[in-house]
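Here's the structure we're looking at; comments come further down.
The values are calculated or read from the model by the stated rules, or taken from the named source; none is laboratory data. Given the structure is predicted, the values throughout are model-derived calculations rather than measurements. Please note: Cβ atoms are built from the backbone with ideal geometry, for glycine as well, and neighbour counts cover all protein chains shown.
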Amino acid sequence: MATNKPSLVQANGISLCVQRFLPDHNAGVAPLILIRGLGTQMIQWSSAFIEYFTKAGLEVIIFDNRDVGESQKLDAAGIPDIMGLLEDQQAGAAFPVPYGIGDMADDVIGLMDALAIDKANIFGMSLGGMVAQHLAFTHGTRMEKVVCVMSTSGDPELPMPGVSELAPPDDAEGEAALIDYLTQSLAEHSSPSFPTPEPQRRAMATKIISRNYHPAGVIRQMAAAITDGSRVERLKTIRVPFLVIHGLADTLIEPVCGESLVSHVPGAIWRPVEGMGHDIGPQLELEIGPDILAFLGV
């Protein structure tokens, strides 16, 4: 697997950190852009997961969403009051936020423009799945196919994911305490059939903190997700081939949320996964990879 070094590009008026992985051979399909979930960094994609697709002939592109990792931070916009947002949402009131999920989708289009990519395949997980939905119903002409993983339609009738642990507890002071906190956090909603061993979680927690740990950006991303509201009516307009993957052991965004996506996106394909939680655990590429490749026409 050949790779380019991470670099910063200007996209949608901000700087995004991106890295490209070239395929072992050319399968003749559009590049695959992987979109991370809430507050997570592009370094959290495992090399095994990326290599699975490059070995199949796909160029793979990873990047840090705005407000995390080495992409631009929007600190000047302040930190939203999440509980206030939730209360206003329940009351049907509007609440201004620094940016929306639609802006994050526009970031992806800006990234594609910066890399001279006309059309792309998308794999979006969790909050990245919400971004993928926006790409499908707002920028469908730039999408080949969309894979939406462990995400939700935002239907208010669905169970809400927890929002209580957006930042470390007050007693998690110092790097060692933060590493302990993140090591445990990475296991909280993990896949029982695809578990990440504690030493690997601790090593990743250390990398996350040393690279660029930014809790304020996580809160702004969460605010964007909350204020996006229900996407049900917008999902009905999607005409891009759409695959929904959801773990049946997901305790953060429950499987019924994935089922909701399938019920509203015309022609969507449903791929439930036994033993998969709310993460991309080791060896999971061997479980879902063949179905993704078949869907992409590889």
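A105 is checked against (1) within 21 Å of M222 (Cα to Cα); (2) not in a helix (DSSP H, G or I); (3) not charged (D, E, K, R) and fails just one. What number does that condition carry?
Failed condition: (2).
If I go through the stretch 63-90 residue by residue, how many of them are surrounded by 24 or more Cβ atoms within 10 Å (Cβ to Cβ) and either over 30 Å from Q283 (Cα atoms) or touching a Cys at 6+ places or on another chain (Cβ under 7 Å) (or both)?
4
Residue under question is V60, and the condition is that it be touching a Phe, Trp or Tyr at 6+ places or on another chain (Cβ under 6 Å) and surrounded by 16 or more Cβ atoms within 10 Å (Cβ to Cβ); does it hold?
Considered against the rule, which asks whether it is touching a Phe, Trp or Tyr at 6+ places or on another chain (Cβ under 6 Å) and surrounded by 16 or more Cβ atoms within 10 Å (Cβ to Cβ), V60 comes out as yes.
Filter the stretch 132-191 down to residues that are out of contact with any Ser or Thr (no Cβ under 9 Å at 6 or more places or on another chain), of a type in the set (D, E, K, R) and part of a helix (DSSP H, G or I) and give me whichever is modelled with the highest pLDDT.
R142
Specify the residue that is farthest from I50 (Cα to Cα); the eligible residues are those in the stretch 98-141 that are under 17 Å from the mean Cα position of the chain (by Cα) and among the charged types (D, E, K, R).
D103
Filtering the stretch 183-200 down to residues that are buried (at least 20 other Cβ atoms within 10 Å of the Cβ) and of a type outside the set (S, T, N, Q), which residue is nearest to L74 (Cα to Cα)?
L186
Is there a residue being at pLDDT 95 or above, among the small types (G, A, S) and touching a Gly at 6+ places or on another chain (Cβ under 6 Å) anywhere in the stretch 43-60?
There is no residue in the stretch 43-60 that is at pLDDT 95 or above, among the small types (G, A, S) and touching a Gly at 6+ places or on another chain (Cβ under 6 Å).
Working only within the stretch 207-237, note down all residues that are of a type outside the set (A, V, I, L, M), in a helix (DSSP H, G or I) and either in contact (Cβ under 8 Å) with a residue 60 or more places away in the chain or in contact with an Asp or Glu (Cβ under 6 Å, 6 or more places away or on another chain) (or both).
Selection gives K207, R211, N212, P215, G217, R220, Q221, T227, D228, R234.
Given the structure, is V29 assigned to a strand (DSSP E or B), surrounded by 19 or more Cβ atoms within 10 Å (Cβ to Cβ), among the aliphatic types (A, V, I, L, M) and in contact (Cβ under 8 Å) with a residue 60 or more places away in the chain?
Answer is no for this residue.
So how many residues does the stretch 46-84 have that are free of Cβ contacts under 8 Å to residues at least 60 places away in the same chain and in a helix (DSSP H, G or I)?
8
Quick one: in the stretch 203-225, of everything that is of a type in the set (S, T, Y) and at pLDDT below 95, which residue is surrounded by the most Cβ atoms within 10 Å (Cβ to Cβ)?
Result: Y213.
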